[in-house]
1. So which helices of the chain fit the span-like rule, where a helix is a whole DSSP H run, its Cα atoms reach 27 Å or more along the axis, and its mean Kyte-Doolittle is at least -1.0?
2. Restricting attention to the alpha-carbon atoms of the chain, what are Rg (one decimal) and Dmax (integer), both in Å?
3. Find the accessible area per residue for the chain; the probe is 1.4 Å, ligands and nucleic acids are left out, and the unit is Å².
4. Where the centre of each part is set by its Cα atoms, how far does segment 112-157 sit from segment 199-277, in angstrom?
5. Label segment 33-143 by shape, choosing from rounded, prolate and oblate, from the square roots a ≥ b ≥ c of the eigenvalues of the Cα gyration tensor; if a/c is under 1.5 it is rounded, and otherwise prolate applies when a/b is larger than b/c, oblate when it is not.
6. Roughly speaking, to the nearest percent, how much of the chain's 1.4 Å accessible area is carbon and sulfur?
7. A 31 angstrom limit on the alpha carbon distance is what I want to check against. Which of Lys56/Lys105; Lys47/Lys131; Lys79/Lys209; Lys209/Lys393; Lys47/Lys209; Lys56/Lys209 exceed it?
8. Could you give the length gained by full extension between Gln125 and Ser107, i.e. 0.36 nm per residue of separation minus their alpha carbon distance, to one decimal place?
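The values are calculated or read from the model by the stated rules, or taken from the named source; none is laboratory data. Here the structure is a predicted model, which is why all the values come from computation and not from measurement. Don't worry about glycine lacking a Cβ; one is built from the backbone with ideal geometry, like all the others, and counts go over all protein chains shown. Heavy atoms of the whole protein, side chains included, go into the accessibility calculation; ligands, DNA and RNA do not. Shrake-Rupley method; radii C 1.70, N 1.55, O 1.52, S 1.80 Å.
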Amino acid sequence: MAEKQRSNGFVCIVFFVCLIQWNPIPIPIAVAILDPVDFLALQSIRKSLEDMPGSKYFASWDFTSDPCNFAGVYCDSDKVISLNLGDPRAGAPGLTGRLDPAIGKLSALAELSIVPGRIFGTLPQSISQLKSLRFLALSRNFISGQIPPSLGQLRNLRTLDLSYNQFAGAIPSSVAAVPELSNLILCYNRLSGSVPPFTSQTLSRLDLKHNDLSGSLTPNSLPPSLQYLSFSWNRLSGPVDSLLNRLDQLNYLDLSMNQFTGTIPGRIFTFPITNLQLQRNLFSGRIAPDGQVSIANVDLSYNRLSGEISPLFSTVQSLYLNNNRFTGQVPGSFVDRLLAAHIQVLYLQHNFLTGIQINPTAEIPVRSSLCLQYNCMVPPVQTPCPLKAGKQKARPTAQCNEWKG
């Protein structure tokens, strides 16, 4: 396009160049749209749960946008593969409500967790439809009812954590038979009945403490792969020496507050255990470690153990042998290590010990504790003891003579 203009007698032709913006034809880009089944399942889950006061977890759950961008929702292509319900930050308020059965529609789900909160009701049976599930953690809520036996259908399950809830009834044998199970944490519930045999050869952590379990354990009921084992605060009974001898990979063992009987095998003191809790049972007999004990904390108190105290225990940092039936002299190696502050706790009260070679003027290190009360001797050194030890310094002579007889 041109326009003529007159200027100073000259004719100027001014060309107007029309710049045309190039608009290319849009090329479609493949954007995965969440599977409608998963979309509807998330909607149902959202309707059954609410943020507790102070929680803003569901603020991002706007179903006019892509659910794969919701807090706690992780997708692979058009499927939800991980669902972490609730604000994971420590101390953050959790969620309240029920877990909707629609959870079972998330067919590709491999991980499901709920932060501590006030989720109540029973565990939906539909969870057993999640055949890809490897991780299930719903601890510290108010979920009740029985543990569904159908969870045993989750053959890929590695971790099951239902701790600190209100589950009752027996531990399903089907769950104990899940082949790939590595971590089973059911502590602080109301479970009863016996402990089923566990067949997974990859089981490394078994935590059943603070329940109401009873009965005895067979020698082959637990796999040797276990590294962490806690049965504390139950009503389990019977001998466990044959069972314990097989568990040579243990680094934590707590059988306290039960009614276990029989002897404690000397072999367990050579295991890579850092904390050994066997107190408040009915264990009896002599204790003969197979070697020098390197376990940092050993508690054998409140049992029926007898015989002399082995000097192989003198390398333990915190040793609780009180309230048993030990006799004889306290080995001199204990005194040496105590005065050198290598022993932090040495509780020997309420036994039938007859002596300890220690200078009455010896000063016990400030960070060490020694208690010798209520034995068949007058303690040569006066040291503070726990209140439960009582006020009597020595055991009555009649009891000591009766025990000798």
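1. Details: long enough: none.
The answer is none, since no helix passes both cut-offs.
2. Rg and Dmax of the chain, Cα atoms, are 33.3, 144 Å.
3. That works out to 49 Å² for each residue.
4. So the separation of the two Cα centres works out to 26 Å.
5. Details: a/c = 1.64, a/b = 1.21, b/c = 1.35.
Judged from the Cα gyration tensor, segment 33-143 comes out oblate (a/c at least 1.5, b/c at or above a/b).
6. On the way: 10710 of 19970 Å².
Heavy-atom surface of the chain belonging to carbon and sulfur, 1.4 Å probe: 54 percent.
7. Values: Lys56/Lys105 25 Å; Lys47/Lys131 24 Å; Lys79/Lys209 37 Å; Lys209/Lys393 35 Å; Lys47/Lys209 34 Å; Lys56/Lys209 33 Å.
Check vs 31 Å cut-off fails for Lys79/Lys209; Lys209/Lys393; Lys47/Lys209; Lys56/Lys209.
8. Details: separation 18, 0.36 × 18 = 6.48 nm, distance 1.42 nm.
So the chain would gain 5.1 nm between Gln125 and Ser107.
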